[in-house]
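The values are calculated or read from the model by the stated rules, or taken from the named source; none is laboratory data. None of the values given here were measured: they were computed from a predicted structure. For neighbour counting, all protein chains shown are included, and Cβ atoms are generated from backbone atoms with ideal geometry for every residue, glycine included. The accessibility values were calculated without ligands, DNA or RNA, using every heavy atom of the protein model including side chains. Shrake-Rupley method; radii C 1.70, N 1.55, O 1.52, S 1.80 Å.
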Amino acid sequence: MSTAAAAAAAGVHCLPIPTPFMVGRVNCYLIEDDPLTLVDTGPNSGKALDQLERSLGGHGRRIEDLERIVITHQHIDHLGLVDILARRSGAEVCALQELAPLIEDFGAEAERDDELAAALMLRHGIPRDVVTALRAVSRPFRGWGGSTPVSRRLRDGEAIGFADRSLEVLHRPGHSPSDTVFWDAERALLLAGDHLIKHISSNPLISRALGGKSGEPGGGRPRALLTYLASMRETREMPAELLLPGHGEAFGDHAELIDERFAMHERRAAKIRGLLAEGPLSAHEVAQSLWGNVAVTQAYLTLSEVLGHVDMLVEREEVREQELGGVVRYEAV
Ligand SMILES: [Zn+2]
């Protein structure tokens with residue numbers, strides 16, 4: 001049986017929804033059970049809403065039939081339509097308790113994330129004019145987001161019940177601080193969100209800590225990649241047979257995929273260590289030497305990527321941080 005057929009046999013249908021972002025389509029999932037449930041919503045756009053209605057129609061369903069909406073994490077391609085869908089259907093909205101405030105006040109939360117991003121970019125050597133320009137570019141993106149009251153706040157480890165199944169709620173921060181996966185132990189099926197995607201390595205973007213497992217003891221900057229590696233170690237041990245991701249195809253063999261990701265992060269950390277062995281550099285200088293101009297156009301993404309790997313090296317005491325005049329540089333030990 002193909003992976004998609006296996007999922008459909010379990011009453012879970014993948015509904016790919018277009019997004020205006022580089023990632024391409026986002027996968028929403030319709031769970032044919034009682035209550036009728038949609039996992040993730042797609043971005044807040046007419047095109048996404050239109051496609052979602054047609055895809056639901058393909059299964060003989062309408063938006064008004066939805067009884068429960070579950071959100072996997074805080075990114076706009078996954079939650080943008082939540083308010084429109086919740087209002088039209090009256091469905092309950094379920095999200096991890098740490099994620100709920102972000103869904104309920106999306107605009108203000110996004111503004112605070114942008115403030116953190118700007119402060120981090122300045123601290124790690126990105127010129128002020130670039131930071132200002134990037135902030136202006138990021139603001140219109142929020143239009144694809146959405147806010148709605150969360151009717152049910154989920155706790156890590158609790159179960160969501162259906163007539164015919166039970167899904168265990170598991171917090172797996174890293175890709176974002178709020179990543180939540182939903183585990184159907186009976187079917188060995190994992191709704192993985194963006195925690196694990198087969199064709200792309202999920203970028204652990206640095207976002208504000210939410211408390212709980214994503215919180216940083218000592219109040220420092222969130223160490224997104226270290227958090228993500230720890231989450232992947234937990235997922236690796238699960239007896240999952242089928243993973244349904246937030247983007248791309250369903251897949252099995254998740255332990256093998258996770259091992260490939262661990263190896264990739266080790267290679268990247270080793271490369272950065274090699275650069276720092278030649279002399280101290282800011283994280284932005286490292287990004288420029290790895291990716292050239294992309295380090296400017298995608299400054300925050302590449303900065304997050306470098307800082308994530310530098311955190312691995314700092315933890316192993318192979319690299320240390322030095323701060324001079326508000327800008328951080330890293331040097332090999
Ligand atoms: Zn995401």
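Entry remark, the range 36-59: residues being within 16 Å of the ligand (Cβ to nearest atom) and assigned to a helix (DSSP H, G or I) number 1 in total.
Within the range 60-76, can one find any residue that is assigned to a helix (DSSP H, G or I), closer than 25 Å to Asp105 by Cα and within 16 Å of the ligand (Cβ to nearest atom)? Explain how you work it out, then say what you get.
Restricting attention to the range 60-76, the residues satisfying the condition of being assigned to a helix (DSSP H, G or I) are 63-65, 76.
Then drop every residue that is not closer than 25 Å to Asp105 by Cα, which leaves 63-64, 76.
Adding the requirement that they be within 16 Å of the ligand (Cβ to nearest atom) leaves 76.
The answer is yes; a qualifying residue exists.
If you go through the range 156-181 and keep only what is within 18 Å of the chain's Cα centre (by Cα) and surrounded by fewer than 18 Cβ atoms within 10 Å (Cβ to Cβ), you end up with just Asp156. Note on the range 130-197: enclosed strands (runs of 3 or more DSSP E) holding 1 or more residues that are under 20 Å from Pro16 (Cα atoms) and touching a Leu at 6+ places or on another chain (Cβ under 8 Å) are 180-184, 189-193.
Which one is modelled with the highest pLDDT among residues in the range 49-84 that are open to solvent by 10 Å² or more (accessible area, probe 1.4 Å) and among the β-branched types (Val, Ile, Thr)?
Step one: filter the range 49-84 for residues open to solvent by 10 Å² or more (accessible area, probe 1.4 Å), giving 49-51, 53-55, 57-62, 64-65, 67-68, 74-77, 83-84.
Still in the list and also among the β-branched types (Val, Ile, Thr): 76, 84.
On the way: Ile76: 94, Ile84: 98.
My answer is Ile84.
Only residues that are within 23 Å of Leu30 (Cβ to Cβ) and away from the ligand (no atom under 11 Å from the Cβ) were counted across the range 162-181, and they come to 12. Per the conditions (1) more than 23 Å from Arg223 (Cα to Cα); (2) at pLDDT 95 or above, the sole criterion not satisfied by Phe21 is (2).
Can you name the residue in the range 85-105 that is of a type outside the set (Asp, Glu) and open to solvent by 50 Å² or more (accessible area, probe 1.4 Å) and is also farthest from the ligand (Cβ to nearest atom) among such residues? Step through it out loud before you land on a result.
The first filter runs over the range 85-105 and keeps only residues of a type outside the set (Asp, Glu), leaving 85-91, 93-97, 99-103.
Okay, now just the ones that are also open to solvent by 50 Å² or more (accessible area, probe 1.4 Å), so 87-88, 90, 97, 101.
Working: Arg87: 24, Arg88: 24, Gly90: 27, Gln97: 19, Pro101: 18 Å.
Checked the range 85-105; the qualifying residue farthest from the ligand (Cβ to nearest atom) is Gly90.
Within the range 304-333, which residues are at pLDDT 95 or above and of a type in the set (A, V, I, L, M, F, W, C)? Across the range 304-333, the qualifying residues are Val306, Leu307, Val310, Met312, Leu313, Val314, Val319, Val328, Ala332.
Restricting to the range 277-301, and then to whatever is of a type in the set (Ser, Thr, Tyr) and modelled with pLDDT under 95, can you tell me which residue is farthest from the chain's Cα centre (by Cα)? Step through it out loud before you land on a result.
Our first condition is that a residue be of a type in the set (Ser, Thr, Tyr); within the range 277-301, this holds for 282, 289, 297, 300.
Keeping just the survivors that are modelled with pLDDT under 95 gives 297, 300.
Values: Thr297: 21, Tyr300: 15 Å.
Looking at residues that are of a type in the set (Ser, Thr, Tyr) and modelled with pLDDT under 95, I get Thr297.
Name the single residue, out of those in the range 182-197 being of a type in the set (A, V, I, L, M, F, W, C) and either on the phi > 0 side of the Ramachandran plot or open to solvent by less than 20 Å² (accessible area, probe 1.4 Å) (or both), that is nearest to the ligand (Cβ to nearest atom). Looking at the filtered set, the residue picked out is Ile197. Of the residues making up the range 133-144, none is over 29 Å from Glu64 (Cα atoms) and in contact with a Ser or Thr (Cβ under 8 Å, 6 or more places away or on another chain).
With respect to Ile200, is the statement that it is over 23 Å from Leu15 (Cβ atoms), within 16 Å of the ligand (Cβ to nearest atom) and within 18 Å of the chain's Cα centre (by Cα) true? Working first, answer last.
Details: over 23 Å from Leu15 (Cβ atoms): no; within 16 Å of the ligand (Cβ to nearest atom): yes; within 18 Å of the chain's Cα centre (by Cα): yes.
No; evaluated as a whole, the condition is false for this residue.
Please go through the range 1-48 and pick out each residue that is crowded, with 16+ Cβ neighbours inside 10 Å and among the acidic types (Asp, Glu). Glu32, Asp33, Asp40 - these are the residues of the range 1-48 that are crowded, with 16+ Cβ neighbours inside 10 Å and among the acidic types (Asp, Glu).
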